[in-house]
Structures are given as C-alpha cells and as structure tokens.
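To start, the structure itself, in structure tokens.
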Amino acid sequence: MNMLRKTNKNDIDKIYILYKATASTLGGLARDKEEITEEYISNFVTQSLSRGLSLVIEKNGDIIGEIHAFRPEPKVFHHIFSELTICIHPDHQGTGYGRKLFSRFMTIIQDETQDIKRVELIARESNAKAISFYKSFGFEIEGCLKHRINGVSNKLENDIPMGWLR
C-alpha cells in the first residue's frame, strides 16, 4: 500500500536510509553517500517542519520518496521556498512516484501557502531529465552558475537555477 503524506520527526531514520541508498547511485544526489549523515537529514527535516514543507511517500512501510523546501532565514526571503530537494529511491525511479510527490507538493503550495510567491531549486546541467521534469511543473531556467559543480564524470559543469513564481 502506498501513502503520500506530510513528513514528521519520526520519519528521520527512514529518510536517512532513503538518502543513503539514493546517494549510493552515481548522479543520484549532489551529495556523496559519506555526506549523508543523520545530522544532515535531521537538519533539513527540522527546518522543513518549522518553516517549510516536506512530504514522503511510503510503500510497504518504507519511505521510497521525499521532497522538501523551506523559507530561508532572513525575513526578506519569507515569501520563498528554497533548497528544494526531491529524492526517490533508485528502485522506484521512473515509476511515477516522483511526479506524484512533486505534484502534491506544488498543489499544497498553491492551495495552502498563499504567502509563498516563489519556489526555487538548482539542477545540474547534465541532468536534462530533471530540468525537463521541473519545467513540466512551471519552473523556468533563470540563469547559469558556470563551473559550480564537480559533476559525476569529475568534470566541472554548470548548475542551473530554476524558479516557479505564483
């Protein structure tokens, strides 16, 4: 049975397992497996619960997907959800779970958080599939951060900032 719901503090351990598995896949996340720590997971879950939004999708008791974003600290940015990250377990990528999770995330923003006027993310240039996915939800490319990321082939590549505006 699948369940898509808001994240809670009790999900941290299962989200940690999800992120470790995804980071173990080449190009799965911007972070390496060693960079996925309990502190990292606890930090973004805490920030998302206090000043943002996080959703998970469960299958048979395991969290197979998570998405989150939150308001940056300075008050001048409180109309923004930033640091948007979506993570789908490698065994479930390409099955529609990511689209379902992202769609629900954007619906909640549009329907329940009228004070959020902008959602932003950064995608690596070589990840054309992700860029196309984000565009399908109304995100637009807003520029290029040249040679910002050391890509999966150990070659410097561009990061692509994208934004959705209400």
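The values are calculated or read from the model by the stated rules, or taken from the named source; none is laboratory data. Fair warning: this is a prediction, and the values are worked out from it, not measured in the lab. Please note: Cβ atoms are built from the backbone with ideal geometry, for glycine as well, and neighbour counts cover all protein chains shown. Heavy atoms of the whole protein, side chains included, go into the accessibility calculation; ligands, DNA and RNA do not. Shrake-Rupley method; radii C 1.70, N 1.55, O 1.52, S 1.80 Å.
Here are some notes:
- Peptides ranked, highest mean first, by Cβ atoms within 10 Å: ranges 55-63, 16-24: 16-24, 55-63
- Value at 222 nm in deg cm²/dmol, rounded to 500, when DSSP H runs of n ≥ 4 in the chain each add -39,500 (n - 2.57): -9500 deg cm²/dmol
- Candidate values (i) 41, 38, 29; (ii) 68, 36, 33; (iii) 46, 42, 26, label of the one derived for Cα extents along the principal axes in Å: (i)
- Heavy-atom accessible surface of the chain: percent carbon and sulfur, 1.4 Å: 49
- By the rule of a C-alpha distance below 14 Å, with chain neighbours fewer than 8 residues away ignored, the aspartates and glutamates paired with LYS146 are GLU125, GLU157, ASP159.
- Solvent-accessible area per residue, Å², over the stretch 16-166 with all protein chains present [probe radius 1.4 Å]: 53
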